[in-house]
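Visitor: Let me give you the structure first, and then I'll get to my questions.
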Amino acid sequence: MRRRRPKHRRRGGIQLSAAVALCLAVSLLMFARAGGEELAQQALDHLAGNTGFIARAVSLELGFFPETTEVFAPRTAAAARDEQASDPIAESAYIPLEEENDAPVLHAADKAATVTINNETSYEVDVASCLAANASIRDNGDGPQVLIVHTHGSESYTPDAAFPYTPTETERTTDTKYNVVRVGDELQKVLEANGVQAVHIRDIFDSPAYSGSYDRSLAAIEEALAEYPSIQIVIDVHRDSILTDDGRAYKTSCTIDGEEMAQLMFVVGTDDGGLTHPDWRDNLNYVASLQYKLNRTYPGLMRPVNLRTQRFNQHARLGSMLVEVGSSGNTMPEALAAIRLFGKTLAEDLTGA
């Protein structure tokens, strides 16, 4: 996405914000000590999701007030540590601030050749170290090498003339011609056209019940790995949802060789939420290496890597990844165009072409 440099105010411009924030902090502390802990906590939770308050709090630390900024607001701690969180709306934790734009678009990053990791965990990570690990996974030439699955298979896109449909829910449908299962079909087709065998699990795990979808997809992944021990890579294909404050859907967009298409994002899980996942750093190293190759080949295609506290079933196999293909504001043709480029690069990386 295109980032604008913030306009800086002089330090004197934040004095009012500082006074308000300090008074509010003292008031909440006194209220909590007087027996209102629960209400105080509710107030804090509300403020944690208020991007305007966050921006002003940042100004106290930085010494200036950013008039134009983008805030990464994480979900609540409970949701961040629960793979069974009941809210199906947002895949990523990125919430862009409202802009004056009738058709909002998140554009490709200006420095697309640079790998960036948006770290939402308590761990320290270093991009240079990830790339220095030179992690690679190669096709062993015997049996299927890639497993494609969809934990949230009902995720779909904005209908258009090429793919007109009526969603059963907001940007969701169990019709596999119009949801991310169709994107998985295209990925399998591209991989096999480039010499890499792939298995595609086309089951819908998030319908009729969203809760428990990761448990159901994990059972299917483990069954497939037992049946096809040759599998090197497990790809969980999703569609992101990025909304403005008033509920409008953003689309993640880039233009490559004159064609507009969706952007992609790797989501990497960890054990920071308390679930066993000893190989998460190896997964991160591999994804960082693959992201670098994608950025070099198709500048603008990839959003920053998203490192999360959840595990996302990535403990099942070294080489597991979650790929967000566009957002709910994108169309199916834009998603298919993006996954073709991803599949071609992945196949080249696996085969050493």
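The values are calculated or read from the model by the stated rules, or taken from the named source; none is laboratory data. Source: prediction; values computed, not measured. Every residue, glycine among them, receives a Cβ derived from its backbone with ideal geometry; neighbour counts consider all protein chains shown. When the accessible area is computed, the model is the full protein with side chains, heavy atoms only, and any ligands, DNA or RNA have been set aside. Shrake-Rupley method; radii C 1.70, N 1.55, O 1.52, S 1.80 Å.
Visitor: Can you tell me which residues in the range 213-237 are open to solvent by 10 Å² or more (accessible area, probe 1.4 Å) and either at pLDDT below 95 or assigned to a loop (DSSP other than H, G, I, E, B) (or both)?
Guide: Within the range 213-237, TYR228, PRO229, SER230, GLN232 qualify.
Visitor: Turning to a different aspect of this structure: How about the range 117-146: which of its residues are touching a Phe, Trp or Tyr at 6+ places or on another chain (Cβ under 7 Å) and open to solvent by less than 50 Å² (accessible area, probe 1.4 Å)?
Guide: Matches in the range 117-146: ASN118, ALA135, ILE137, GLY143, PRO144.
Visitor: Checking the conditions here, which among ASP245, ASP240 is among the acidic types (Asp, Glu) and open to solvent by 10 Å² or more (accessible area, probe 1.4 Å)?
Guide: ASP245
Residue-wise test of (1) in contact (Cβ under 8 Å) with a residue 24 or more places away in the chain; (2) over 22 Å from LYS177 (Cα atoms); (3) among the basic types (Lys, Arg).
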| residue | (1), (2), (3) |
| --- | --- |
| ILE204 | yes, no, no |
| GLU222 | yes, yes, no |
| GLU227 | no, yes, no |
| LEU243 | yes, yes, no |
| ALA262 | yes, no, no |
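Visitor: VAL237: more than 18 Å from GLU186 (Cα to Cα) and in contact with a strand residue (DSSP E or B) (Cβ under 6 Å, 6 or more places away or on another chain), yes or no?
Guide: The answer is no for VAL237.
Visitor: Follow-up question, since we're still on this one. Which one of these is more than 22 Å from ASN140 (Cα to Cα) and not polar (S, T, N, Q): MET265, MET321?
Guide: MET265
Visitor: For the range 260-276, does any single residue satisfy the condition of being more than 16 Å from THR121 (Cβ to Cβ) and more than 19 Å from the chain's Cα centre (by Cα)?
Guide: yes
Visitor: If you don't mind, another one. Take the residues in the range 171-183 that are without any contact (Cβ under 8 Å) to a residue 60 or more places away in the chain and either part of a loop (DSSP other than H, G, I, E, B) or aromatic (Phe, Trp, Tyr) (or both), then tell me which one is least open to solvent (accessible area, probe 1.4 Å).
Guide: Ranking the candidates gives THR173 first.
Visitor: For residues that are out of contact with any Leu (no Cβ under 9 Å at 6 or more places or on another chain), more than 22 Å from TYR157 (Cβ to Cβ) and among the aliphatic types (A, V, I, L, M), tally how many sit in the range 188-246.
Guide: Qualifying residue count for the region: 6.
Visitor: Within the range 326-353, track down each residue that is in contact with a helix residue (DSSP H, G or I) (Cβ under 8 Å, 6 or more places away or on another chain) and assigned to a loop (DSSP other than H, G, I, E, B).
Guide: ALA353
Visitor: Within the range 281-299, does at least one residue satisfy the condition of being in a loop (DSSP other than H, G, I, E, B), polar (S, T, N, Q) and open to solvent by less than 10 Å² (accessible area, probe 1.4 Å)?
Guide: no
Visitor: To continue, here is another question. Out of everything in the range 248-280 that is among the β-branched types (Val, Ile, Thr) and open to solvent by 10 Å² or more (accessible area, probe 1.4 Å), what residue ends up being nearest to THR309 (Cα to Cα)?
Guide: Residue satisfying both the conditions and the ranking: THR276.
Visitor: Scan the range 184-200 for residues that are buried (at least 20 other Cβ atoms within 10 Å of the Cβ) and part of a loop (DSSP other than H, G, I, E, B) and jot them down.
Guide: Of everything in the range 184-200, just one residue is buried (at least 20 other Cβ atoms within 10 Å of the Cβ) and part of a loop (DSSP other than H, G, I, E, B), namely VAL196.
Visitor: Would you say GLY141 is on the phi > 0 side of the Ramachandran plot and either modelled with pLDDT under 95 or not aliphatic (A, V, I, L, M) (or both)?
Guide: So GLY141 passes the test.
Visitor: Looking at the range 249-256, can you tell me whether even one residue there is modelled with pLDDT under 95 and assigned to a loop (DSSP other than H, G, I, E, B)?
Guide: Checked the range 249-256: at least one residue is modelled with pLDDT under 95 and assigned to a loop (DSSP other than H, G, I, E, B).
Visitor: Suppose we filter the range 257-280 for residues that are charged (D, E, K, R) and part of a loop (DSSP other than H, G, I, E, B); how many remain?
Guide: Going through the range 257-280 one residue at a time, the tally reaches 4.
Visitor: Filter the range 314-353 down to the residues that are closer than 14 Å to GLU260 by Cβ, open to solvent by 10 Å² or more (accessible area, probe 1.4 Å) and either in contact with a Cys (Cβ under 8 Å, 6 or more places away or on another chain) or at pLDDT below 95 (or both) and list them by number.
Guide: GLY329, THR331, listed by residue number.
Visitor: Is there a residue being within 16 Å of the chain's Cα centre (by Cα) and closer than 20 Å to VAL196 by Cα anywhere in the range 305-321?
Guide: Within the range 305-321, one or more residues are within 16 Å of the chain's Cα centre (by Cα) and closer than 20 Å to VAL196 by Cα.
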